[in-house]
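Visitor: Dropping the structure in here first, questions after.
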Amino acid sequence: MEVSLFDLQTGQKAIIKRLKEGEMFRKKLASLNIRVGKTIRKITAQPLRGPVVIEIDNTEATIGMNMAKKIVTEPLGAE
Amino acid sequence: MKILLMGDPNVGKSAIFSRLTGVNVMVSNYPGTTIELKKGKMKLDDRLVEVIDVPGTYTLEPASKAEEVAVRMLEVGDVVVNVIDATNLERNLYLTLQLLEQNIPVIVVLNFWDEIRHLGIQIDAKKLEAYLNVPVVPTVAVTAEGIKKLVSRLPEARAHANKYGEEARWSEIGKIIREVQKITPKKHTFLEKLEDLSVKPLTGIPITLSILALVFWLVRFIGENLIAYLFDPLFELYLSAVTGLSNVLGGGGIIHDVLVGTLIEGKIDFVQSMGLLTTGLYVPFAMVLPYVFAFYLVLGVLEDSGYLPRLATLVDAVLHKLGMHGLAIIPMLLGLGCNVPGALSTRILETKKQRFIAATLMAIVVPCMAQTSMVFALLGPYGIKGLGIYFVTLFIVWLALGFLLNKVLKGETPETFMEIPPYRIPYFGSLAKKLWMRIRSFLTEAIPFVLLGVLIVNVLYVLGIIDWISEATAPVIVGIWGLPKEAVASLIVGFLRKDVAVGMLLPLGLDMGQLIVASVVLTMYFPCVATFVVLFKELGAMDLIKSTAIMIVSALLVGGILNALL
């Protein structure tokens, strides 16, 4: 089952499957090591169309809402 | 020879720079602390070589103004010290591999070496060195661990002209990581739990409000007590000395008035006398410095802890409605200390529109600590009401103006995309160093202007220029703002120093409403000359004219509305 990072449940771990936008977007995300195949955990989403916060490796990253909608993930089984 | 310190943002380049050169630079725990090149010298084999602290960049394909600066530096450098965050090896290696394609000698520094153990990470530095075929030195920059080793191995830096391309870089990194890094899952520490709690809205917003309230209370508490128990007693002692001087000079005359000022009811009044040796010293040392000290102490802790990027995340949605994004909270916070570093730090924003809005809002609405200290002195006696109306008015203007500018201005506001560093316990040494740097720049840059301001007040009064100007400006000052026409003197001095300007309101005998109007107008109408110069450099002439026009119009408008309401 694939869901966008925006729709992913808070606290859920997931693998990034694909990105719904081109080169520039991919490169931008890659600067924080957010790439297809990486495992991330969604920490929270801010209200009022605010950004999503994820954990990746040992850092956290803040990602704008529209960007989060373009990141397709597959949730990992419940731990 | 030029040595470049390069690496991702927030990996500790500036801390290493300080260690290598002995030059103190700002070090904080948020990406983008360093926004311009910092240069220093270090000794290497009895030669003096130049070391350049380059702003952080994730790749050699820059995304912001600060990153562009970084990439351009590659052309002039002779050796690159590539600083890596050891707790984030995989991501940091991307820039390393790019650097190894540039045919410039590289040496790699694995910083935060002390932190990896707590995180359950093991890195085989020897193996990494073999893979990259350049020296790899583990360091802990804040405690100087590994710095000597780094210096001794600098000559071993080696150049490569690999041809990877993006795909190959990542697969190469994957291979390296599998070989040199081992991760064993660890239980979450208290700080790590706090990291989650402080970005989740339900807990994060109350935490933020408590922190902001605590900051405000601490700054006033520390400032007031420093004044009451240290600076006022000191000036009490000093009073007898200047009173002696006043008597020697005969209690009047031009020299007396310039040095000691005018006597109020036969006595020296440190705030109102307006002499170089009385008000000129009392305002900066006994009224402003205590608060500047308190503010920068608290700000330093906030910066070094790693809280600011979390604050930026929480306020991101609101700032978007004002045409900026979360990181714009940093220019605003720095502006509360002094508008000059506030204006400079707008560089961390990506687009021209964001930078214009952030710089304009900061310059119009954010009062610097020097000004705030004087407003505390002036409106403090009216309790929470006086200060409350002042700050709430500025906040509303900030929101309204930002909203308007966002609607009117063309251009884009990209979405937030930033790294949030882990929480770290601030090091006392680096906190103290940073505080001292900021206090020193206040002492050396502000005090000459304060003295100049006081001198100009005297000259203007002696030559009768104030009377002449105040007649001309009376329609605005009296008609729109409801202030006495003499208040124009304060606006004139406000170009130089806002603290002196606020102090000049005191002898005018204003009521609370007028004091609030005057304080708000003084905050908004124009930036001080130091900020103006920096804004000119950052925005260019055209945008500065626009920004200035917005300031004047909004000061007229807001002052007029407040006057009608209060």
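Every number in this text was worked out from the coordinates using simple rules, so none of it is lab data. Remember, predicted model here, so these are calculated numbers, not experimental data. Because the Cβ atoms are built from the backbone with ideal geometry, glycine has one as well, and the counts that use them run over all protein chains shown.
Visitor: Non-local amide H neighbours of B:Glu145 (under 5 Å, H modeled in plane, Pro and chain starts lacking H): which ones?
Guide: B:Val140
Visitor: Now for a different question. Name the longest site-free stretch of chain B, where the excluded sites are trypsin sites (Lys or Arg not before Pro) in a DSSP loop with no more than 15 other beta-carbon atoms within 10 Å.
Guide: Numbers: sites that count: B:Arg117, B:Lys163, B:Lys186, B:Lys187, B:Lys410, B:Arg424.
Segment B:188-409 is the longest.
Visitor: For the pairs A:Lys17/B:Lys353; A:Lys17/B:Lys321; A:Lys27/B:Lys352, note any where the Cα-Cα span goes beyond 24 Å. Display every interim value, and only then the final one.
Guide: Numbers: A:Lys17/B:Lys353 34 Å; A:Lys17/B:Lys321 31 Å; A:Lys27/B:Lys352 22 Å.
Listed pairs above 24 Å: A:Lys17/B:Lys353; A:Lys17/B:Lys321.
Visitor: Given the convex hull of the Cα atoms of chain B, what is a quarter of its surface area in nm²?
Guide: Values: hull surface 115.3 nm².
Result: a mean projected hull area of 28.8 nm².
Visitor: Please work out the Cα center distance from the range A:35-79 to the range B:264-320, rounded to the nearest Å.
Guide: Using only Cα atoms, the two centres lie 39 Å from each other.
Visitor: When the Cα centres of the range B:502-566 and the range B:439-465 are compared, how far apart do they sit, in Å?
Guide: 19
Visitor: Below 14 angstrom from the Cβ of B:Thr57, what's the summed charge of the other residues (Lys, Arg +1; Asp, Glu -1)?
Guide: Every neighbour counted, the sum reads -2.
Visitor: I would also like to ask the following. For Cα pairs less than 8 Å apart in space and 6+ apart in sequence, what is the mean separation divided by the residue count of chain A, i.e. the relative contact order in percent? Could the numbers behind the result be given before it?
Guide: On the way: 149 pairs, mean separation 36.0, N = 79.
Computed over chain A, the figure is 46 percent.
Visitor: Restricting the count to DSSP beta bridges whose residues both fall in the range B:2-183, what percent are antiparallel, rounded to a multiple of 5?
Guide: Working: 12 of 30 bridges.
If we restrict to bridges inside the range B:2-183, about 40 percent are antiparallel.
Visitor: Would you calculate, for the protein assembly as shown, the mean residue ellipticity at 222 nm contributed by helices, counting each DSSP H stretch of 4 or more residues as -39,500 (n - 2.57) and dividing by all residues, to the nearest 500? Please report the intermediate quantities before stating the final value.
Guide: On the way: 27 runs with 337 residues, N = 645.
Calculated at 222 nm, the ellipticity per residue is -16500 deg cm²/dmol.
Visitor: How high is the FRET efficiency from B:Gln122 to B:Glu166, r the C-beta distance, R0 41 Å, rounded to 0.05? Walk me through the intermediate numbers first.
Guide: Values: r = 28 Å, r/R0 = 0.69.
After rounding, the FRET efficiency stands at 0.90.
Visitor: Another question, then. Taking B:Lys175 as the anchor, which aspartates and glutamates have their alpha carbon closer than 17 Å to its alpha carbon, excluding any fewer than eight residues away along the same chain?
Guide: Result set, ordered by chain and number: A:Asp57, B:Glu90, B:Asp124, B:Glu129, B:Glu166, B:Glu167.
Visitor: Something else now. If you take every DSSP beta bridge whose two residues both sit in chain B, what share of them, in percent to the nearest 5, is antiparallel?
Guide: Details: 14 of 32 bridges.
Percent antiparallel among DSSP bridges in chain B is about 45.
Visitor: So what are the ³J(HN,Hα) numbers for the range B:542-553, from phi and the Karplus equation (6.51, -1.76, 1.60; θ = phi - 60°), rounded to whole Hz, Gly and Pro as x?
Guide: 4, 5, 5, 4, 4, 4, 5, 4, 4, 4, 5, 4
Visitor: How charged is the neighbourhood of B:Leu263? Take every other residue with its Cβ under 15 Å from the Cβ of B:Leu263, and add Lys/Arg as +1 and Asp/Glu as -1. Mind showing how you got there, number by number?
Guide: On the way: positive: B:Lys267; negative: B:Asp257, B:Glu265, B:Asp269.
My count for the surroundings of B:Leu263 gives -2.
Visitor: With point charges of +1 on the Cβ of Lys and Arg and -1 on the Cβ of Asp and Glu, referenced to the Cα centre of chain B, which listed residue (B:Pro138, B:Pro341, B:Thr531) lies farthest in the positive direction of the dipole?
Guide: Going by the Cα projections, it comes out as B:Pro138.
Visitor: So if I restrict to the alpha-carbon atoms in the range B:303-395, what is the Rg, and what is Dmax, the biggest pairwise distance, in Å?
Guide: Over the range B:303-395's Cα set, Rg and Dmax evaluate to 14.1, 43 Å.
Visitor: Compute, for the protein assembly as shown, the length of the dipole vector about the Cα centre, with Cβ point charges of +1 (Lys, Arg) and -1 (Asp, Glu) only. Units Debye, rounded to 20. Before the final figure, lay out each step's value.
Guide: Details: 62 positive and 57 negative charges, 289 e Å.
Using only the charged Cβ atoms, the result is roughly 1380 debye.
Visitor: Ok, one more. What pairs from B:Lys200/B:Lys546; B:Lys39/B:Lys126; B:Lys182/B:Lys433; A:Lys28/B:Lys410; A:Lys13/A:Lys69 go past 27 Å between their alpha carbons? Write out the running numbers ahead of the final one.
Guide: Numbers: B:Lys200/B:Lys546 39 Å; B:Lys39/B:Lys126 31 Å; B:Lys182/B:Lys433 36 Å; A:Lys28/B:Lys410 24 Å; A:Lys13/A:Lys69 16 Å.
Distance filter (> 27 Å) returns B:Lys200/B:Lys546; B:Lys39/B:Lys126; B:Lys182/B:Lys433.
Visitor: Right, next: In the protein assembly as shown, what % of DSSP beta bridges are antiparallel (nearest 5)?
Guide: 70
Visitor: Whole angstrom only: what separates the Cα centroid of the range B:55-123 from the Cα centroid of the range B:3-50?
Guide: 13
Visitor: How would B:His325, B:His160, B:His320 line up from fewest to most surrounding beta-carbon atoms within 10 angstrom?
Guide: Placing the least packed residue first, the sequence is B:His160, B:His320, B:His325.
Visitor: Distances over 42 Å make up what percent of all Cα-Cα pairs in the protein assembly as shown? Don't skip to the answer; put the middle values down first.
Guide: Working: 65577 of 207690 pairs.
Counting every Cα pair in the protein assembly as shown, those more than 42 Å apart make up 32 percent.
Visitor: Would you mind calculating the relative contact order of chain B from Cα pairs under 8 angstrom and at least 6 residues apart, reporting the percent as a whole number? Let's see the in-between values first.
Guide: Values: 914 pairs, mean separation 68.7, N = 566.
Once divided by the residue count of chain B, the mean separation gives 12 percent.
Visitor: Tell me, what ³J(HN,Hα) does each residue in the range B:282-287 have, in order and in whole Hz, if you take phi through Karplus 6.51 cos²θ - 1.76 cosθ + 1.60 with θ = phi - 60° and put x for Gly and Pro?
Guide: 5, 4, x, 7, 9, 10
Visitor: Then there's this: Could you work out how much longer the chain between B:Phe190 and B:Leu409 gets when fully extended? Use 0.36 nm per residue separation minus the Cα distance between them, nm to one decimal.
Guide: Details: separation 219, 0.36 × 219 = 78.84 nm, distance 4.44 nm.
In short, 74.4 nm is gained.
Visitor: Okay, moving on. Taking beta carbons within 10 Å but only from partner chains, what does the mean come to for residues B:183-196? Can you show the working numbers first?
Guide: Numbers: counts 2, 0, 0, 0, 0, 0, 0, 0, 0, 2, 0, 0, 4, 7.
Averaged over the peptide's residues, the number is 1.
Visitor: Still on this model: Normalised by the residues of the range B:2-183, what does the relative contact order come to in percent, with Cα pairs under 8 Å and at least six apart?
Guide: Working: 351 pairs, mean separation 40.7, N = 182.
For the range B:2-183, the relative contact order is 22 percent.
Visitor: Would you please put B:203-212, B:100-109 in order of how densely packed they are, using the mean number of other Cβ atoms within 10 angstrom per residue and starting with the highest?
Guide: Details: B:203-212: 14.3, B:100-109: 20.7.
Ranked by mean Cβ neighbours within 10 Å, highest first: B:100-109, B:203-212.
Visitor: Between B:Leu212 and B:Lys175, what is the spin-label point distance in nm, taking each point 7 Å from the Cα along the Cα→C-beta axis?
Guide: It works out to 5.2 nm between the two label points.
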